[in-house]
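The values are calculated or read from the model by the stated rules, or taken from the named source; none is laboratory data. For clarity, every value in this text was computed on a predicted model and none was experimentally measured. All Cβ positions, glycine included, derive from the backbone under ideal geometry; neighbour counts span all protein chains shown.
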Amino acid sequence: MTHLLEIRNARRTFITPEGGHLAALDGINLDVGANEFVTLLGPSGCGKTTLLRAISGFETLDSGTMTLGGADLTALPPFRRPVNTVFQSYALFGHMTVARNVGYALEVAGVGKASREAQVAEALEKVGLAGMGARRPSQLSGGQRQRVALARSIIAKPRLLLLDEPLSALDRNLRQQMQLELKTLQHALGIAFIFVTHDQEEALTMSDRIVVMRSGHIEQIGTPREIYRHPKNRFVAEFIGETNLFPVTIDRVDGETALARTAEGVEMHLPSAGRKPGEQVTAILRPADFNLGPTGIPGTVTRAVYLGSDLYLFVQPQAGGPEIRVISRDGAGFDEGAAVHLAHDPARVHVLEAA
Amino acid sequence: MRNPIGWAALTAFSLAFFAFIYAPLFVIIGYSFNSNPINMMIWESFTFDWYTGLLGLSDRSTDVSNRAAYVESTDLMLAALRTSLTVAMFTTTISTVIGTATAIALARYRFRGRGFYNGFMMLPMMMPDIVLGIGLLIFFVTIGMNLSILTIIIGHCTFLTSYVFIIVQARMAGLDPALEEASADLGASELTTLRKVLLPQLAPGIIGGALLAFVISMDDLVITYFVSGTGDTTLPVFIFGMIRRGVKPEINAIATLIILASVVIAALGLWLRSRKTD
């Protein structure tokens, strides 16, 4: 299968003000399909924005190749690349009306006025801003500006749309609504989206695949489910969602499950496949994977945070060690100081080879 | 609740402040309508004579005894005004183009000596006029250039470019670099981006800089005094010459007309600015 975008061994090094070298892109390999929603996720400084800017042409690569639909991109200036960007600051032209902003790509390409106006109306319709064309960007709300930026970037029908943290300036409700709308729009347009964010929740909600990046290289590429359930390493596990990490030693293997203990003596059950007694591994369990029951790890609730439908508990294991974070659906009655037992299904435990 | 005594004091202070600034101007405007040709400080009666006389429409003048000399000086004054306007128009155009281009280049491109370049652009503004004037004069003499309207224009451009530069640079600093990137991203070449995005965005700064350059060029006395030849005199240099021969009522009329012109230009500038919303 051929991909829309293929990036091979992309490298980019910056010189820091102190004279040091910082590898913003340290040998990146990435393929993006023609109708795929890919999210670049990572903490600030991980290189995700540099990668996005290298695709749009605002950043050059020191080495490596980049092709779009088989054609080499690396030598093309930004205005010749068939990709468009939604900028974090929206970058709307304040001296133009909304309609002229949206039609800018067509105006620059020399498209006639009648055809342009029709396409502008259509694009505004798509983002839910029909009839707003005569306004100035300064007369719009933050969410509406976001939509104008979106309409402006899709009007030239790019095969690939780049989005640079476009939702970060919106409030939570609007952000969640826009996440779903973006996903719908991407399906309707049938083009590829590359979305940059540092918000893991946003990445999990929208993406077909997530690319987790750290200090210039890719830690893991996978579907939201793979990334969440089977993180490749501690970094991915801790970056995506709330996580409990238990460095454990395998005590004994018992058919399907293995019994393991932390240094403090907290007992864990995990899948036995490939495990040998004495082996040191890290067991990963999400907060929602614990059940409050009559059996399991004994402990005391140190803090209980009410989350609406859920109760978020911090439990100190009796045996000692770090607190365990638990999300409980039916946490009624488990106030601070309550004694609880934390049970878990061994199959839900994800095991990292390294301790 | 606001303190009534403090409020009254503040109001009084504000009024005094504005009176201090504008009183001299109103005195001149008042005197320009006083028909007393000998002592302008003693009110005689209301007259437009000094205005009509200036424009050569009436024969009343302070030089009653020598009407020929007076007519000649009116022609000289109009010639000086013409020179001033010509100089101001050329200087404004040249310094606006160079100042704007420099501001864009320094803000958008990284090159060796950029910091120095920035400093050098500011320097002519800080330099005392008299030093700049003498320096220019010695320079023109050294390279064997005759003093003319050309040397006045060159002299004005040397420091007015800095003024335009600083005003456009301030506007440039407040501009989101993503605007130009967005334009390029949507398919616009650098030239198209300059024309359709950058210049319109900078327009208030460019217009403000140009107006300032025009006003300063019209107003400049010290530098022009050094670099103007015998033939071409600007209005400020001409007025300065007139005053040395005594303050005549015509000067009040000239001053009033200049105040009027300045107010019109300033109002125009404000109006243009208010139209640019972003």
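One table, with the values for the structure above:
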{"item": "Residue selected from segment A:4-21 under the condition free of Cβ contacts under 8 Å to residues at least 40 places away in the same chain and part of a strand (DSSP E or B), by the criterion surrounded by the most Cβ atoms within 10 Å (Cβ to Cβ)", "result": "A:14"}
{"item": "Among residues of segment A:289-316, those that are in a strand (DSSP E or B) and more than 32 Å from the chain's Cα centre (by Cα), counted", "result": "5"}
{"item": "Filter result for residue A:260 (in a strand (DSSP E or B), surrounded by 20 or more Cβ atoms within 10 Å (Cβ to Cβ) and out of contact with any Phe, Trp or Tyr (no Cβ under 7 Å at 6 or more places or on another chain))", "result": "yes"}
{"item": "Criterion (in contact with a strand residue (DSSP E or B) (Cβ under 7 Å, 6 or more places away or on another chain), under 22 Å from residue A:186 (Cβ atoms) and either in contact (Cβ under 8 Å) with a residue 40 or more places away in the chain or assigned by TED's automatic domain parsing to the domain that holds residue A:155 (or both)) met by exactly one of A:51, A:92", "result": "A:51"}
{"item": "Residue in segment B:43-56 that is over 27 Å from the mean Cα position of the chain (by Cα), part of a loop (DSSP other than H, G, I, E, B) and at pLDDT below 80 present", "result": "no"}
{"item": "Residue within segment B:184-198 that is of a type in the set (Gly, Ala, Ser) and touching a residue at least 12 places away in the same chain (Cβ under 8 Å) present", "result": "no"}
{"item": "Selection from segment A:106-124 of residues that are in contact with a Lys or Arg (Cβ under 7 Å, 6 or more places away or on another chain) and aliphatic (A, V, I, L, M)", "result": "A:106"}
{"item": "Single condition residue A:238 does not satisfy, out of (1) assigned to a helix (DSSP H, G or I); (2) surrounded by 14 or more Cβ atoms within 10 Å (Cβ to Cβ); (3) without any contact (Cβ under 8 Å) to a residue 12 or more places away in the chain", "result": "(2)"}
{"item": "Hits in segment B:124-137 (condition: assigned to a helix (DSSP H, G or I), of a type outside the set (Asp, Glu) and surrounded by 11 or more Cβ atoms within 10 Å (Cβ to Cβ))", "result": "B:124, B:125, B:130, B:131, B:132, B:133, B:134, B:135, B:136, B:137"}
{"item": "Counted residues, segment B:234-255 - those being of a type in the set (S, T, N, Q) and under 16 Å from the mean Cα position of the chain (by Cα)", "result": "1"}
{"item": "Conditions (1) under 30 Å from residue A:153 (Cβ atoms); (2) crowded, with 16+ Cβ neighbours inside 10 Å; (3) within 14 Å of chain A (Cβ to nearest Cβ); number of the one not met by residue B:100", "result": "(3)"}
{"item": "Identity of the residue in segment A:167-181, part of a loop (DSSP other than H, G, I, E, B) and surrounded by fewer than 15 Cβ atoms within 10 Å (Cβ to Cβ), that ends up farthest from the chain's Cα centre (by Cα)", "result": "A:171"}
{"item": "Among residues of segment A:152-166, those that are facing chain B (nearest Cβ under 9 Å) and either assigned to a loop (DSSP other than H, G, I, E, B) or of a type in the set (Val, Ile, Thr) (or both), counted", "result": "2"}
{"item": "Residue that is loosely packed, with under 15 Cβ neighbours inside 10 Å, of a type in the set (Ser, Thr, Tyr), assigned by TED's automatic domain parsing to the domain that holds residue A:88 and within 24 Å of residue A:222 (Cα to Cα), where the choices are A:205, A:197, A:184", "result": "A:184"}
{"item": "Test: residue in segment A:144-151 that is within 13 Å of chain B (Cβ to nearest Cβ), closer than 29 Å to residue A:41 by Cα, assigned to a loop (DSSP other than H, G, I, E, B) and touching a residue at least 12 places away in the same chain (Cβ under 8 Å)", "result": "no"}
{"item": "Flag for residue B:236 being touching a helix residue (DSSP H, G or I) at 6+ places or on another chain (Cβ under 7 Å), of a type outside the set (D, E, K, R), within 14 Å of chain A (Cβ to nearest Cβ) and under 23 Å from residue B:88 (Cβ atoms)", "result": "no"}
{"item": "Residue list for segment B:184-217, restricted to those being at the interface with chain A (Cβ under 7 Å from one of its Cβ atoms), surrounded by fewer than 20 Cβ atoms within 10 Å (Cβ to Cβ) and assigned to a helix (DSSP H, G or I)", "result": "B:192, B:200"}
{"item": "Within segment A:322-353, considering residues that are assigned to a loop (DSSP other than H, G, I, E, B) and touching a residue at least 60 places away in the same chain (Cβ under 8 Å), the one surrounded by the most Cβ atoms within 10 Å (Cβ to Cβ)", "result": "A:349"}
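Condition check ((1) in a helix (DSSP H, G or I); (2) modelled with pLDDT of 95 or more; (3) away from every other protein chain (no Cβ under 14 Å); (4) within 23 Å of the chain's Cα centre (by Cα)) across all residues:
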| site | (1), (2), (3), (4) |
| --- | --- |
| B:144 | no, no, yes, no |
| B:147 | no, no, yes, yes |
| B:175 | no, no, no, no |
| B:182 | yes, yes, no, no |
